[in-house]
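Chemist: The structure that follows is given in the form of structure tokens.
The values are calculated or read from the model by the stated rules, or taken from the named source; none is laboratory data. Computed from a predicted model, the values in this text were never measured in an experiment. Because the Cβ atoms are built from the backbone with ideal geometry, glycine has one as well, and the counts that use them run over all protein chains shown.
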Amino acid sequence: MAPEASIDNIFHHITTSNSPGALNHTIRSTLPKEGRDLILASPLASGQDPLSVLDPHTNSLGYLYILSARLHIQNAMPSWSAIDEFCNVCNIEQLRFAPERVILLVKSIVKLANASDPRLAIPTLRTLATRYPKDPSHLTTIHTQLLIICAQTQSFSLITDFLEANPITNIAKELTPDLHYTDNLIYHYLAGVSLAAVNKWALAEDYFEVCITAPAAAQTISGIQLEALKKLKLVQLISSGNASPLPKYTNGNLLKMFRNTAYHAFVEAYPSKPDVLKRIMDKEKNHFTTEKNMGLLNMALLRAPRWQVKKLTQTYVTLSFGDIGRQVGITSEEEVRDLLLSMIEAGDIHGTLSTTTVTFSDPPVHFSKEQIDKVLRAAQHEAMRLQDLEWEMGRSKEFLQKASKNQQSEWGSQGMSMDEDLFPLMADRGGWSQDIEIA
Amino acid sequence: MVNGPPTPPPTTDVEIQDATKEAEAESNAATASTPAPAPAAEPDAEPAPPQQPAPVEVQAATHIDAYQQAFTMSLASQIQAKQWDSLIRHAEYADLVGYDLPTRIFVIAPLILAYLIKDQVPAAKFALNRISTKLSRSPLAQSLLKLTAAVSDRNYREIYSRLSQVPLNGDVNGQVSAQFAEGMSTLVAAFGETFQMRTFILLSTAYSEISLSLAQSYLGMSQELLLKAAEEYGWKFDANNQILSPSAAALKGPSPEPATLGSFDFISNSVAQLEL
């Protein structure tokens, strides 16, 4: 009979256990922490490879333990296709019983990819980031690793649709216990960088804003937030010609820090003072280059005349190309014509060109049925997401304790109206009393 | 744990050149220690990403490496079927292992042209940035670089001439090169047609009057072809002054489709939401 702390014994448990929780406990209690991976990475006494016998879907938890052990100690390394297949077909519910092994697997995948080409890890990490959380709105450390590799390798097109479809509203600390406050900041900062790189300006702004406004204990400010704020302001200049105000709940100290930077002076002079803009660029060139923002700054500077032209549409109906050139500092009428055509193509202005003039018009008010359906669907989707979030928050222990405290203190003077104010949606769902009891 | 923000991607020319040099050095180091690239995944009708490239095999009998295999097994058929989104997805995944082989152009060139067809110019630029300096010096890569720059700047006068100068072969001899040239020919033609149509629609909506010569430079067409197309789409032509008056009337889409069960379902769901 094989000794208890052996791969054969563990293999037996893996193939006979019906409970992932019990199996997880058995593996952890049977194998000593020291040398656990060494045992898990060894072949069976018969010489067989346990991974060739186990089914990655049925025996997902056991497979995870062995696979992560092999990758970790770099023994009998499985192929990329085997790793990828496991991540695609495994029973993800089983993996959630051993989050520390998932973390180990992810770290090992990143290490393995870095040894040849980091881009290799992108599809595998993307699969895990999609499948592992209970729903796509949860952030894990897998998300952060995925974004770091995508940014390092400039593989933005491999992640754009993922970022578009999966906004983060929750954290999954129980699924990735190594999740840190900065993971949230890094993920949203890099998501903004990735989307800005492929000119998805509006969504990039959203991600930067989430990073900037992330609450922190003791009102501390992270350097990542300041970097995100600099990029957000530049992205806003590029996409709309002016910097929009930040939400009221933004940390005031962060705004003070930003006002002391050269970026603030650039934003203030934009777009109507090209000489000032160029002077700032020349003076701070080294600083901007070090912070890797010269690309965005150059693009903003290049697009400054566009926003000056847009301002003219508020005053004039028809203008000649020559007049526009004089107003915005472009000498060639051909360049003015090309700029106007580009602005019409991008939807920045509306109007019609003739051989020498442009006539501005209001934006068209007719929409197709498909456009209206799309907007309605998006609005409904957002409304449902907000309802779910409100519902979830209303069930949280912290919220209920606070609500209960408030209710007790105001019981005499305000009567029973408190819960109606706090839970307008839940009151209609009829599940409130049951949830109170559970909580 | 990472404690600070990783370096953002390079965006200026200087940054891009520096990054390309660094990438080349890393790629050379990686190539020295790693095997040849992986074969591409099978074409997949699902929107899910194609499978991870498997470890690396070179078909010794036929001397086709993984990039050529990716082209023959999936990209060529997608080019023929004009499935640009699918082509982009498969080419991106086939290019995951960035080995510095001349045959990488069999994947990169279709990818860049597909991005240009879809007017996703930044993605095309980043795909070009990924290739090594050595590969980027090839005539095909150089011509794609110039074409992408012209499209990015909407330099209409240059786009058509640069498009006509794109070499159709990948500077690589072998049995795949004929099939590659055929695929490139289809891609180049498809980009030309798509870009012309996109520009034609833009001119129809943006111009009330345009000189014939200017319209020709925007569309890269001969006078005869342009006048024929203009007539087809209801543009008027003042022959005395050589002025065209574009019209957007002929570009309007088909009338709305009749209501379906799907529409009813959508409306009933919307009303149900209001009731909550």
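Chemist: Of the residues A:LEU185, A:LEU146, which single one is facing another protein chain (nearest Cβ under 10 Å), assigned to a helix (DSSP H, G or I) and not aromatic (Phe, Trp, Tyr)?
Modeler: On the way: A:LEU146 fails: facing another protein chain (nearest Cβ under 10 Å).
Step by step, each of A:LEU185, A:LEU146 is checked, and only A:LEU185 is facing another protein chain (nearest Cβ under 10 Å), assigned to a helix (DSSP H, G or I) and not aromatic (Phe, Trp, Tyr).
Chemist: Could you list, in sequence order, all residues of segment B:133-173 that are over 22 Å from B:GLN69 (Cα atoms), without any contact (Cβ under 8 Å) to a residue 24 or more places away in the chain and either touching a Ser or Thr at 6+ places or on another chain (Cβ under 9 Å) or hydrophobic (A, V, I, L, M, F, W, C) (or both)?
Modeler: Of everything in segment B:133-173, those that are over 22 Å from B:GLN69 (Cα atoms), without any contact (Cβ under 8 Å) to a residue 24 or more places away in the chain and either touching a Ser or Thr at 6+ places or on another chain (Cβ under 9 Å) or hydrophobic (A, V, I, L, M, F, W, C) (or both) turn out to be B:GLN142, B:LEU145, B:ALA149, B:ALA150, B:ARG154, B:ARG162, B:GLN165.
Chemist: Still on this structure, I have one more. Give A:ALA346, A:ALA300 a once-over and let me know the one that is farther than 30 Å from B:ILE267 by Cα, in contact (Cβ under 8 Å) with a residue 60 or more places away in the chain and small (Gly, Ala, Ser).
Modeler: On the way: A:ALA346 fails: in contact (Cβ under 8 Å) with a residue 60 or more places away in the chain.
Checking each option against the conditions leaves just A:ALA300.
Chemist: Now a separate question. B:GLU193: exposed (fewer than 15 other Cβ atoms within 10 Å of the Cβ) and out of contact with any helix residue (DSSP H, G or I) (no Cβ under 6 Å at 6 or more places or on another chain), yes or no? Break it down into steps so the answer makes sense when it comes.
Modeler: Details: exposed (fewer than 15 other Cβ atoms within 10 Å of the Cβ): yes; out of contact with any helix residue (DSSP H, G or I) (no Cβ under 6 Å at 6 or more places or on another chain): yes.
Judged against the criteria, B:GLU193 is a match.
Chemist: Still on this structure: Determine whether A:SER433 is modelled with pLDDT under 80, among the small types (Gly, Ala, Ser) and part of a helix (DSSP H, G or I).
Modeler: yes
Chemist: Determine whether A:ILE83 is in contact with a helix residue (DSSP H, G or I) (Cβ under 9 Å, 6 or more places away or on another chain), more than 10 Å from chain B (Cβ to nearest Cβ) and part of a helix (DSSP H, G or I). Even if it seems obvious, please write down each step before you answer.
Modeler: Details: in contact with a helix residue (DSSP H, G or I) (Cβ under 9 Å, 6 or more places away or on another chain): yes; more than 10 Å from chain B (Cβ to nearest Cβ): no; part of a helix (DSSP H, G or I): yes.
Considered against the rule, which asks whether it is in contact with a helix residue (DSSP H, G or I) (Cβ under 9 Å, 6 or more places away or on another chain), more than 10 Å from chain B (Cβ to nearest Cβ) and part of a helix (DSSP H, G or I), A:ILE83 comes out as no.
Chemist: Could I ask something else about it? Only one of A:ASP338, A:ASP348, A:ASP362 is on the phi < 0 side of the Ramachandran plot, exposed (fewer than 12 other Cβ atoms within 10 Å of the Cβ) and of a type outside the set (S, T, N, Q). Can you tell me which?
Modeler: On the way: A:ASP338 fails: exposed (fewer than 12 other Cβ atoms within 10 Å of the Cβ); A:ASP348 fails: exposed (fewer than 12 other Cβ atoms within 10 Å of the Cβ).
Criteria check complete, one pass: A:ASP362.
Chemist: So, one more: Among the listed residues A:GLU205, A:GLU268, A:GLU227, identify the single one that is farther than 26 Å from A:LEU147 by Cβ and acidic (Asp, Glu). Steps first, answer last, please.
Modeler: On the way: A:GLU205 fails: farther than 26 Å from A:LEU147 by Cβ; A:GLU227 fails: farther than 26 Å from A:LEU147 by Cβ.
Residue meeting the stated conditions: A:GLU268.
Chemist: Now for a separate question. Could you look through segment A:110-124, keep only residues that are within 11 Å of another protein chain (Cβ to nearest Cβ), assigned to a helix (DSSP H, G or I) and more than 19 Å from the chain's Cα centre (by Cα), and pick out the one that is surrounded by the most Cβ atoms within 10 Å (Cβ to Cβ)?
Modeler: Keep residues of segment A:110-124 that are within 11 Å of another protein chain (Cβ to nearest Cβ), which gives A:113-124.
Still in the running and assigned to a helix (DSSP H, G or I): A:113-116, A:118-124.
Okay, now just the ones that are also more than 19 Å from the chain's Cα centre (by Cα), so A:113-116, A:118, A:120.
Values: A:ALA113: 21, A:ASN114: 14, A:ALA115: 13, A:SER116: 19, A:PRO118: 21, A:LEU120: 26.
Going through the qualifying residues, I end up with A:LEU120.
Chemist: Can you pull out the residues in segment B:96-110 that are under 13 Å from B:SER132 (Cα atoms), buried (at least 24 other Cβ atoms within 10 Å of the Cβ) and not aliphatic (A, V, I, L, M)?
Modeler: Matches in segment B:96-110: B:GLY98, B:THR103, B:ARG104.
Chemist: Taking B:ALA124, is it out of contact with any His (no Cβ under 6 Å at 6 or more places or on another chain), closer than 28 Å to A:MET299 by Cα and either buried (at least 17 other Cβ atoms within 10 Å of the Cβ) or more than 13 Å from chain A (Cβ to nearest Cβ) (or both)? Steps first, answer last, please.
Modeler: Working: out of contact with any His (no Cβ under 6 Å at 6 or more places or on another chain): yes; closer than 28 Å to A:MET299 by Cα: yes; either buried (at least 17 other Cβ atoms within 10 Å of the Cβ) or more than 13 Å from chain A (Cβ to nearest Cβ) (or both): yes.
Yes.
Chemist: For segment A:239-261, which positions are among the hydrophobic types (A, V, I, L, M, F, W, C) and surrounded by fewer than 17 Cβ atoms within 10 Å (Cβ to Cβ)? It would help to see each step written out before you state the result.
Modeler: Of segment A:239-261, the ones among the hydrophobic types (A, V, I, L, M, F, W, C) are A:243, A:246, A:254-255, A:257-258.
A:LEU255, A:MET257, listed by residue number.
Chemist: Output the residues belonging to segment A:304-318 that are not hydroxyl-bearing (Ser, Thr, Tyr) and not in a loop (DSSP other than H, G, I, E, B). Before the answer, list the steps.
Modeler: Let us first name the residues in segment A:304-318 that are not hydroxyl-bearing (Ser, Thr, Tyr), namely A:304-312, A:314, A:317.
A:ALA304, A:PRO305, A:ARG306, A:TRP307, A:GLN308, A:VAL309, A:LYS310, A:LYS311, A:LEU312, listed by residue number.
Chemist: Any idea which residue in segment A:335-367 is farthest from the other protein chains (Cβ to nearest Cβ), counting only those that are part of a helix (DSSP H, G or I) and over 23 Å from A:LYS278 (Cβ atoms)? Step through it out loud before you land on a result.
Modeler: Quick first cut of segment A:335-367, residues part of a helix (DSSP H, G or I) only: A:335-346.
Pick out the ones that are also over 23 Å from A:LYS278 (Cβ atoms) and you get A:337, A:340-341, A:344-346.
Details: A:ARG337: 8, A:LEU340: 8, A:LEU341: 6, A:ILE344: 4, A:GLU345: 5, A:ALA346: 10 Å.
Checking each candidate, the answer is A:ALA346.
Chemist: List the residue pairs whose Cβ atoms are under 8 Å apart, where the first residue sits in segment A:264-276 and is under 11 Å from A:ALA304 (Cβ atoms), the second is in a loop (DSSP other than H, G, I, E, B) and among the basic types (Lys, Arg), and the two are 6 or more positions apart or on different chains.
Modeler: A:PRO271/A:ARG303
Chemist: Take the residues of segment B:254-270 that are more than 7 Å from chain A (Cβ to nearest Cβ) and part of a loop (DSSP other than H, G, I, E, B): which is modelled with the highest pLDDT?
Modeler: Step by step, filter segment B:254-270, then rank; the result is B:THR260.
Chemist: Those residues that are at pLDDT below 95 and surrounded by 15 or more Cβ atoms within 10 Å (Cβ to Cβ), I need them from segment A:271-280; list them, please.
Modeler: Selection gives A:PRO271, A:PRO274.
Chemist: Follow-up question, since we're still on this one. Scan segment A:290-305 residue by residue and report those that are more than 9 Å from chain B (Cβ to nearest Cβ) and farther than 19 Å from A:ILE224 by Cα.
Modeler: Listed by number, the residues that qualify are A:ALA300, A:LEU301, A:LEU302, A:ARG303, A:ALA304, A:PRO305.
Chemist: Restrict the check to segment A:223-244 and report whether at least one residue is within 14 Å of chain B (Cβ to nearest Cβ), without any contact (Cβ under 8 Å) to a residue 12 or more places away in the chain and under 25 Å from A:LEU195 (Cβ atoms). Steps first, answer last, please.
Modeler: Step one: list which residues in segment A:223-244 are within 14 Å of chain B (Cβ to nearest Cβ), which gives A:223-232, A:234-235, A:238-239.
Then keep just the ones that are without any contact (Cβ under 8 Å) to a residue 12 or more places away in the chain; that gives A:223.
With the extra rule that they be under 25 Å from A:LEU195 (Cβ atoms), the set shrinks to A:223.
Yes, segment A:223-244 contains a residue that is within 14 Å of chain B (Cβ to nearest Cβ), without any contact (Cβ under 8 Å) to a residue 12 or more places away in the chain and under 25 Å from A:LEU195 (Cβ atoms).
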